[in-house]
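Take a look at the structure set out below.
The values are calculated or read from the model by the stated rules, or taken from the named source; none is laboratory data. This structure is a prediction, so every number in the text was calculated from the model and none was measured. A quick note on method: Cβ atoms are made from the backbone with ideal geometry, for glycine too, and the neighbour counts reach across all protein chains shown.
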Amino acid sequence: MLALTSATGKLGSAVLNALLENNLIDPAKLVICTSSDVNESKFDAFKAKGCRVRYNNFDDISSLERAFEGCDKLFLVSTPRISMDFNNAPDGQGREAHHKAAIDAARKVGVKHIYYTSLGFANPSKAGVMQAHIRTEAYLKSLKDVQYTIIREGLYNESWPLYFGYYYGLKEEKRSEVLVCGDGKISWTSIADLGFATAKVLAGKEEHWTGKTFYLSQNIAKTLKEIADVVSEAKGEKVVLKVVSKQEYEAFYVQKMGMEKAAVEWWSSSYDALEDGECAISDPTLENLFKESGRTPKPVVETIKEMLQ
């Protein structure tokens, strides 16, 4: 059986839906792990198909063990609790603490293979958002009693407003000038496409993916400057990208935009990574999986225009 964490989150739900809609794994062999009430009506359709639904909470080790009991494989989606990473959290106190708890719980109950969703930056990386992933990757690779597959999921098409400044406000946005503190090529990939490709990995021959670390991402990349041009076209008015110093960037989003200081400081390092080309991915894995299935990944330009309609 395969346990899936964060199965109602953005990526987790995309993976689960792809598994079911494409008949990739028997629903009776899927365990949906959630921190929500397992009796909520949103799970009824999954239960009707034969999926099990179990409660888990990263802060409760025993709940993780109960959720993973009887499973031989675990799909571990990284926790979204980014505040754990703020203020340069030392090793063991960032989000990797949740990941390691889940890994250890899985090992304790006999899980033999863990598929972990890392992120589409480099390792090592200048980005604060990548540090918990790097620590988790290292922990998995250090273990001798469990197999691993590390999937560095590409940056979501749908996340462009986060990179484009700091939460660009879509249709309500009034700024004609957007501040960032760096730019570089980003290989964007839609959540649905990541869900499908990841599902294909989970359903594929286990030995093919064992011990591998790879990116799932389109290889077509666009800079934030190019994103600004797409936004301008979609809105029918000029939107300019302005690259400033990290100090000016942080001061603007904290003092002028009212963002949390620790969050902005944590996020600003992402632009150092962009400048270094960390997010310009050259890995054929996703595109090969799509070719095998006769599918075409969705361009980020299409996503941007849809989101700005």
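Annotations
- Whichever residue in the stretch 128-142 is in contact (Cβ under 8 Å) with a residue 24 or more places away in the chain and among the small types (Gly, Ala, Ser) and, among such residues, is farthest from Phe214 (Cα to Cα): Gly128
- Test set (1) in contact (Cβ under 8 Å) with a residue 40 or more places away in the chain; (2) hydroxyl-bearing (Ser, Thr, Tyr); (3) surrounded by 14 or more Cβ atoms within 10 Å (Cβ to Cβ) - Ser232 fails condition number: (1)
- Residues being of a type in the set (Gly, Ala, Ser) and more than 18 Å from Ala3 (Cβ to Cβ) - total across the stretch 34-91: 5
- The test for being in contact with a Cys (Cβ under 9 Å, 6 or more places away or on another chain), at pLDDT below 95 and not polar (S, T, N, Q) holds for Ala7.
- Those helices (runs of 4 or more DSSP H) of the stretch 162-247 in which 2 or more residues are more than 19 Å from the chain's Cα centre (by Cα) occupy 206-209, 224-235.
- Scan of the stretch 96-120 for residues that are more than 30 Å from Cys181 (Cβ to Cβ) and assigned to a loop (DSSP other than H, G, I, E, B), ordered by number: Val109, Gly110, Val111, Lys112
- Qualifying residue in the stretch 121-134 (condition: closer than 24 Å to Lys246 by Cα, part of a loop (DSSP other than H, G, I, E, B) and charged (D, E, K, R)): yes
- Among the residues of the stretch 49-100, those identified as acidic (Asp, Glu) and within 22 Å of the chain's Cα centre (by Cα) are Asp59, Asp85, Asp91, Glu96.
- Condition broken by Asp145, with the remaining ones in (1) of a type in the set (Asp, Glu); (2) in contact (Cβ under 8 Å) with a residue 12 or more places away in the chain; (3) in a helix (DSSP H, G or I); (4) closer than 16 Å to Lys73 by Cα satisfied: (3)
- Scanning the stretch 251-275 for residues that are assigned to a helix (DSSP H, G or I) and without any contact (Cβ under 8 Å) to a residue 60 or more places away in the chain yields a count of 5.
- Taken over the stretch 259-291, the criterion of being among the β-branched types (Val, Ile, Thr) and over 16 Å from Thr223 (Cβ atoms) is satisfied by Val264, Thr285.
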